[in-house]
């Protein structure tokens, strides 16, 4: 079986490819989004996944994998937005954006490795619906943090929650790929 980190690398390479293609098409139009708007975009994607899981069917033929990759890329965009100083120009060149993207992927990969060590890959035993629920819970937490002007008293901030969403989406993609391989 392929290691989780290799699977992460493969999935994130595909997500990066899509991200950079969209960068070519749209530039940095995503920079206009406030963090709360990016959170809402993520919420829409996660709610669609849950709706399809509950109904057992879908009418729009977009593959579920696309939604999970969208969750990954939008989460990375949200982290980049939160990290950029307010005076950062709206338009950024592709090389700069790719560097920011890669930095966030590297940090998220490191988090996955640490948590996977401590939790012993228990995520492989989860149902896909549970992963979707975990993503939705993280998004509700982020929305509450945003309602509190970004402040927390004891909990992790939004960036850490976005990183968890990325890793949960990776887990979901791995599980989907392994289901179709058997």
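Read the figures in this text as sums done on the coordinates, not as results from a lab. Computed from a prediction, not measured in an experiment: that's the story for all the values here. Neighbour counts run over all protein chains shown; Cβ positions are idealised from the backbone, glycine included.
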Note to self: Taking each pair of distinct Cα atoms in region 4-181 once, what is the resulting Kirkwood hydrodynamic radius in Å?
What the structure shows: 16.8
Next item on the list: Specify the angular offset, from 0 to 90 degrees and rounded to the nearest 10, of the alpha carbon long axis of helix 94-119 from the longest principal axis of the alpha carbons in the chain.
Entry: 40
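So how do 163-171, 7-15 stack up, highest first, on mean other-Cβ count within 10 Å?
Values: 163-171: 25.9, 7-15: 18.0.
Ranked from most to least packed, the peptides come out as 163-171, 7-15.
Can you give the helix-only mean residue ellipticity at 222 nm for the chain, where every DSSP H stretch with n ≥ 4 adds -39500 (n - 2.57) and the sum goes over all residues, rounded to the nearest 500 deg cm²/dmol?
On the way: 6 runs with 134 residues, N = 182.
The per-residue figure over the chain is -25500 deg cm²/dmol.
Output the peptides 131-142, 76-87 sorted from most to least packed, where packing is the average of other Cβ atoms within 10 Å over each peptide's residues.
Working: 131-142: 20.7, 76-87: 16.2.
Ranking the peptides 131-142, 76-87 by packing returns 131-142, 76-87.
Which shape class applies to region 60-128: rounded if a/c is under 1.5, otherwise prolate when a/b exceeds b/c and oblate if not, where a ≥ b ≥ c are the square roots of the Cα gyration tensor eigenvalues? Write down the numbers at each step before the final one.
Values: a/c = 2.97, a/b = 1.48, b/c = 2.00.
Because a/c hits 1.5 or more and a/b fails to exceed b/c, region 60-128 counts as oblate.
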Note to self: Based on alpha-carbon centroids, what's the gap between region 54-119 and region 125-182 in Å, whole number please?
What the structure shows: 12
Check: Cα axis of helix 64-83 to longest principal axis of the chain: angle in degrees, 0 to 90, nearest 10?
Finding: 30
Check: Where does helix 158-181 land angle-wise versus the long Cα axis of the chain, in degrees 0 to 90, nearest 10?
Finding: 30
Next item on the list: Could you line up 102, 61, 40 from fewest to most neighbouring Cβ atoms inside 10 Å?
Entry: 61, 102, 40
